[in-house]
Structure formats: structure tokens, C-alpha cells
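Novice: Have a look at this one.
The values are calculated or read from the model by the stated rules, or taken from the named source; none is laboratory data. Here the structure is a predicted model, which is why all the values come from computation and not from measurement. For neighbour counting, all protein chains shown are included, and Cβ atoms are generated from backbone atoms with ideal geometry for every residue, glycine included. Side chains are part of the model used for accessible areas, which takes the heavy atoms of the whole protein and leaves out ligands, DNA and RNA. Shrake-Rupley method; radii C 1.70, N 1.55, O 1.52, S 1.80 Å.
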Amino acid sequence: MAYTWDVFLMAAIFGFLYGFLLQKADFCFVASIRDWISVKDTRILHGVLVLIATALLGWGLMLTLGIKSVSDIWTVPLGGANLLGGILFGIGMTIAGGCGSGTLYRCGMGYVQFWVVLFFAIVGNLLFALLYDPWARDTLKPLTIAESGYTLFSWPLPYYVLPAAIVILMLAIVIYRFGISGLLSGIKSALTDWEGSPLKQSHWDIRLVAFLIGVVATIQFALMSNVSITGPETRIGAVALAQLLGDDFVFNNTYLNALFADFPRIGLGPEETLVIFLVIGSFAASLLSGSFKLRIPRASRMPFAIGGGLLMGISSRIAPGCNIANVITGIGGLSLSSVFVLIGMIIGIVIVVAFVFKMPLMLFQRSDTFQD
């Protein structure tokens, strides 16, 4: 299918907004779990929970209004590969120092380390594609329970029931822990945390940013597509391979060929445009706040960037998807495979934090320490 210019424009706008918002809140999934485990800091975790709640309500609303149908929900084969891929991705992103989205917005901020992570994540995507037919395919197939995946939206219930029930339960837990006054205070704080010009302010409240990202993702779901990161990155890598080795090399690869099934030719589509403009949006946000800086990493960090990136790339094809696709698109669409992937990611983060590195400062300090 041929894409029109307005679809590319929408993709660019969505990508810019994601990058701008992610940078403004230093929003990274791996940090949300890592910080909670290591130093009991739940700031970013609260943002992730707000994002999940917003996505659930957003997807439920789109289905209820008939703007989208259950067939539009992102579902992938359900089974052990989801958990395995999630665990490996959790390990990889913790070693690398950033998740799928965190890597991209830090690229826009001038972190050379994360350009290395991104490059080797794409290399990992392509390695999986080269090994897919037949080795990876035959290895993962026995782990599959449901080939077409499964969403709880397929239950014979009004579409808003499950999202509303889950969000009400989340609110009840918040009220139980902090009281109604605490909930209202948190909402007020999220909406009023401003000092001067918002565009120049270096940090926005992460709960507000999470809500805005969820709203943007819902609009993207309604107008264009589900949110994804690592799939488009794989196609970007495939386009680069086609430039080097010819289009036939890509067409003759079972996995890569399938990625371009809806494309008129091998090339960059709207989702790849979104990924590129996510980096541009982060760059613009960091320039406005004066936080952009070219940061050259220590040589000692490079093995972690390379190894973590490779593992992220390979595991994102096993799972499939990264944190963004599974937290927003997957959980928003009540996809069971994404529940398994997220459980796996949390397990992977815990393994690295608690048992592998035992929290060396170089790896587990906040992202704003990656400045040398």
C-alpha cells in the first residue's frame, strides 16, 4: 500500500510529541523498576502506572465509540516466547542503561552512549532476522500457546467495563495508601509544577507527562496505528541492508520480507518516520531547556552499551516488542502477551539489579549522571 504525505506528516508530529514529552520527564521504563528496587524511589513508577491507566481508558474509549475495532488491537502469538523475550529485554536494557524509548530520547539529548546502544539494538534485530528461518522460528514455535494472540476485549462485555474496573481498582489502592487528600494533592502537584516558561523548564511532572503520552498514543491509535518502536527500528536496519547488499537480500529473508508486506517497496514508512522524529523531538526539548550536551561516555561503559543493545535487539523480536509497545499498545489493548512480556521485563531488571551487578553506581544511578 502506498502512503500519502499526510500520513507521514501525522507520524512526524506524533514522534516529535513523544520525544519532547519523554525528554521533559526523563521517562524510562527500566529506571521505574530499577529505582524502585534499588533506592525505593517510585517517581517514575508512578508515571508508568498513570500511562497504563490512560492507555486502558483510551483504547476502551476508541472501541466503545466504534472508532476502532477489536481486530485493530495489537495482538501477537501468546506463549513462553513472551516471557523469555521479556526477561532477556529486561536484562539487556538494564545493562545498557535505558529502555527502548529511553534510548531514543537520550540520543536526542546528545548521549553518545545511547547512539551506540541504538546501533547495536538494530544489529540485534537484524541478527534475529538472519537466524529466524529456520532456527529461531523452529525453536520458538513449540512455546506458542495461541498463534493469533489474545485480548480481553474479546470477552462478551461492554468495552469500557474492564478498563474502568482496572483503573478504579488502581485509584482505590492509591486512596488506601495516601488517602483522598493525597490523591487530590498529587493531581494538583502534577498540574501546577511550573516555574516560568514550560518550554524552557528542564523537567515536567512525570505524572502529567505520562497522561499526555497516553492521550497522544490514543489519538495515534485512532488516526494512524498502534505505537511501536523496535519493529520500525528493524525496518530501518533492513533499509540500510538493502542499500548495502541490494533489495533482493531483504526480499529473500523470510522475516524481513514479512516486515515490508504492506509496503510498496523497501523504504521508510510512517512508523519509521515517527521513530526518527522522536529523536528530533527530544533534541528540540533539550535545546529549549538548555540541557542538550554532547556527552562522550567512558570506554568502560562501551561493553555494556554494545552487549545490552544487542540483547535488546534480539529479545525485542522474541517477545516481540519493547516496553513502549507492550506498556501502551499491549496493555492498553488488554493483550495477554504483553502482560507476560512486562512480567518478564520486571524479572530481567530484578535479575541484573539484585544478582548480577549488585547495583554498581556506574550502572544504576539516575540517567542524569550519564554526562561525562
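Novice: For segment 100-134, which residues satisfy the criterion of being at pLDDT below 95, in contact with a Phe, Trp or Tyr (Cβ under 9 Å, 6 or more places away or on another chain) and open to solvent by 10 Å² or more (accessible area, probe 1.4 Å)?
Specialist: Listed by number, the list holds a single entry, 133.
Novice: I'd like to check which helices (runs of 4 or more DSSP H) are fully inside segment 235-301 and have at least 2 residues that are surrounded by 19 or more Cβ atoms within 10 Å (Cβ to Cβ) and under 19 Å from the mean Cα position of the chain (by Cα).
Specialist: Qualifying helices (runs of 4 or more DSSP H): 270-289.
Novice: Could you list, in sequence order, all residues of segment 175-184 that are open to solvent by 50 Å² or more (accessible area, probe 1.4 Å) and in contact with a helix residue (DSSP H, G or I) (Cβ under 8 Å, 6 or more places away or on another chain)?
Specialist: Answer for segment 175-184, where residues must be open to solvent by 50 Å² or more (accessible area, probe 1.4 Å) and in contact with a helix residue (DSSP H, G or I) (Cβ under 8 Å, 6 or more places away or on another chain): 175, 178.
Novice: Tell me which residues, restricted to segment 147-179, are closer than 25 Å to residue 341 by Cβ and of a type in the set (Ser, Thr, Tyr).
Specialist: If the condition is that a residue be closer than 25 Å to residue 341 by Cβ and of a type in the set (Ser, Thr, Tyr), then 148, 150, 151, 154, 159, 160 are the ones that fit.
Novice: Name every residue in segment 19-37 that is touching a residue at least 24 places away in the same chain (Cβ under 8 Å), part of a helix (DSSP H, G or I) and of a type in the set (Phe, Trp, Tyr), in order of residue number.
Specialist: 20, 29
Novice: Keeping to segment 310-341, report how many residues are open to solvent by 20 Å² or more (accessible area, probe 1.4 Å), in a helix (DSSP H, G or I) and farther than 20 Å from residue 219 by Cα.
Specialist: Adding up the residues that qualify gives 8.
Novice: Okay, moving on. Looking at segment 194-214 only, could you name the residues that are within 19 Å of residue 42 (Cβ to Cβ) and either among the aromatic types (Phe, Trp, Tyr) or open to solvent by 60 Å² or more (accessible area, probe 1.4 Å) (or both)?
Specialist: 203, 204, 207, 211
Novice: With the structure loaded, tell me whether residue 137 is buried (at least 19 other Cβ atoms within 10 Å of the Cβ), of a type in the set (D, E, K, R) and part of a helix (DSSP H, G or I) or whether it fails that test.
Specialist: No; evaluated as a whole, the condition is false for this residue.
Novice: Name, by its number, the condition in (1) modelled with pLDDT under 95; (2) outside any helix (DSSP H, G or I) that does not hold for residue 68.
Specialist: Status for residue 68: all satisfied but (1).
Novice: Look through 190, 217 and report the one residue that is crowded, with 16+ Cβ neighbours inside 10 Å, among the hydrophobic types (A, V, I, L, M, F, W, C), touching a Lys or Arg at 6+ places or on another chain (Cβ under 7 Å) and part of a helix (DSSP H, G or I).
Specialist: 190
Novice: Do we find that residue 298 is closer than 30 Å to residue 63 by Cβ, touching a residue at least 60 places away in the same chain (Cβ under 8 Å) and among the charged types (D, E, K, R) in this structure?
Specialist: no
Novice: Further, regarding this structure: From the list 344, 307, pick out the single residue that is farther than 30 Å from residue 64 by Cα, at pLDDT 95 or above, part of a helix (DSSP H, G or I) and open to solvent by less than 30 Å² (accessible area, probe 1.4 Å).
Specialist: Going through 344, 307 in turn, the sole match is 344.
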